[in-house]
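These notes are about the structure you will find just below.
The values are calculated or read from the model by the stated rules, or taken from the named source; none is laboratory data. Everything quoted here is computed from the prediction, not taken from an experiment. Glycine gets a Cβ as well: all are built from the backbone with ideal geometry, and neighbour counts include every protein chain shown. Protein only, heavy atoms only, side chains kept; ligands, DNA and RNA dropped before computing areas. Shrake-Rupley method; radii C 1.70, N 1.55, O 1.52, S 1.80 Å.
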Amino acid sequence: MALEPDQAPVDSITLFVALLCSCIVIGHLLEKNRWFNESITALAIGLCTGIIILFTTEGKRSHILVFNEELFFIYLLPPIIFNAGFQVKKKQFFRNFVMIILFGAVGTLISFVIISIGSMKLFKKLDIGFLDFGDYLALGAIFSATDSVCTLQVLNQDETPLLYSLVFGEGVVNDATSIVLFNAIQKFDLSHITSSIFMEFMGNFVYLFTTSTLLGVAVGLISAYIIKKLYFGRHSTDREVALMILMAYLSYMMAELFNLSSILTVFFCGIVMSHYTWHNVTESSRITTKHAFATLSFISEIFIFLYVGMDALDIEKWKVVSKSLGISAGVSSILLGLVLIGRAASVFPLSFISNLSKRSESGKVTFKQQIIIWWAGLMRGSVSMALAYNQFTRSGHTQLRGNAIMITSTITVVLFSTVVFGLMTKPLMRLLLPRKHLSSTMSSESFPSKPMNLPLIANGQTADFEMGGDDIPRPTSLRMLFTTPAHTVHYYWRKFDDSVMRPVFGGRGFAPCAPGSPTEPLLH
């Protein structure tokens, strides 16, 4: 984070940390409030602080720190994405993996195309001539990145496991896809696109997706193998915790070093670590790592929203835009409209296609659930802001008129979507999913003869309810393979995992048996 030139570093950091503390305290007090959540609270505090700083500095600036987009990607984003992978309930995630990929990857591509083409056509009517073809594609990637935090805070993972897993999983895959798209766009000169360049672009996209995932899996397996073989917990749990944190961060930095998608890498590293490494450490290390990763992620998210609130009043940007307020408002309105259309064009058709492949009503996504999924993806947050800063600023500064318009428009869309859509989230949830209908919703979202109380977020995986056991029928025909693909794939994966992977890399049931080793029933 770069500091204002005339601001003492200690004063700035002290004030910012105090604001972070106030966000946590006020967020706690508003925990059961019908309208507010942590994100809106941090934005509001950031806005109020920005106003105070504007008055005290006589309109010279509104924030204490100048945003550096590179430092965001290096320090703030890794704990958020890693914790998403580390905390994900893998059974629910992979049970709905096809639908999650459909919404998160294919849906993001649909939204990307609509926003890119729509902005290209509509911005010309506003006579915006400072954007090239690559900028329009970057806008598509920037505004395809969703922020479903508000919705996830309202949804109950125990009562609506299918809906929660879809919203959560799609949000993570969506962010990863948007960032992979953004990075791929920056690597190509798309001013004169041809069929060969387009094919190379798509090939690069698939390559980034595949290699980044494999790197994350590899680093996660290496960490599991090292901790299982050397068993640091006999001497120091601190070493176990430190090694897990550093290996997770190493996966992210290795992806950056090899120009891969660090988001995908650290996400799948988190999944692998929670499946193998976490079960190989001592009891105290399990508890520590679970809360350490969650805490780092929480602080990073609050930090970002607090800064966005202050930066919304940045006098530097508004001075540049002051002569083009009409254009800025038009750009913001167009982008917001394209977000709404792009989201609808991805969710509802893909839900229809997904429902066609479901033979039973229990696995289908109802229209009310589709509305919630659509609504969850309307909010834009930290990833959109970071990508916008990366594309349209230089070390947090925006002296160019065109860049200033795009940054202020992005801030406007993020603020409007987070505050307005976020405030309406809880009432919408109560309207579409009233408490009296939760029991029927639960039964429709769960598979027959399976427990209803399976949360998505949990490090300790449920002990006795793993899919693919003897109670799951083995496929006897090709038709059965297509009608029950999740059960079938999971069944064979479990056999391979139990016979090959867990004996080598550890995991539940294969943890070290030395004194002080983690006990199996812990946190189940």
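General observations
- Surface accessible to a 1.4 Å probe, Tyr75 within the full protein complex, Å²: 140 Å²
- Ranking Ile40, Gln92, Val266 by Cα position along the charge dipole of the stretch 9-432, where only Lys, Arg, Asp and Glu carry charges on their C-beta atoms, puts Gln92 farthest toward the positive end.
- Figure note: Glu361, Glu283 ranked by solvent-accessible area, largest first, 1.4 Å probe, ligands and nucleic acids not counted: Glu361, Glu283.
- Ranked from largest to smallest solvent-accessible area, with a 1.4 Å probe on the protein heavy atoms, His275, His28 come out as His28, His275.
- Think of the stretch 9-432 as having a plus end and a minus end, set by charges on the Cβ of Lys, Arg, Asp and Glu; of Gly377, Phe209, Ala242, Gly377 sits farthest toward the positive end of this dipole.
- The radius of gyration of the Cα set in the stretch 335-423, together with its Dmax, comes out at 17.2, 57 angstrom.
- Per-residue SASA entry for Phe198, accessible area with 1.4 Å probe, Å² rounded to 10: 100 Å²
- The heavy atoms of Val504 offer some 60 square angstrom of accessible surface to a 1.4 angstrom probe.
- Sequence-distant contacts, meaning Cα pairs under 8 Å at least 6 residues apart, place the relative contact order of the stretch 9-432 at 30 percent.
- Applying a DSSP loop filter and a limit of 16 other Cβ atoms within 10 Å to the chymotrypsin sites (Phe, Trp or Tyr not before Pro) in the stretch 209-281 leaves Phe258.
- Among the listed pairs Lys125/Lys187; Lys290/Lys364; Lys91/Lys229; Lys89/Lys290; Lys90/Lys495, those whose Cα-Cα separation exceeds 22 Å are Lys125/Lys187; Lys290/Lys364; Lys91/Lys229.
- The calculated P(r) of the stretch 9-432, using every Cα pair and 10 Å bins from 0, goes 5, 21, 31, 28, 13, 3, 0 in percent.
- Sorting Thr14, Thr57, Thr151 on solvent-accessible area from highest to lowest, probe radius 1.4 Å, gives Thr14, Thr57, Thr151.
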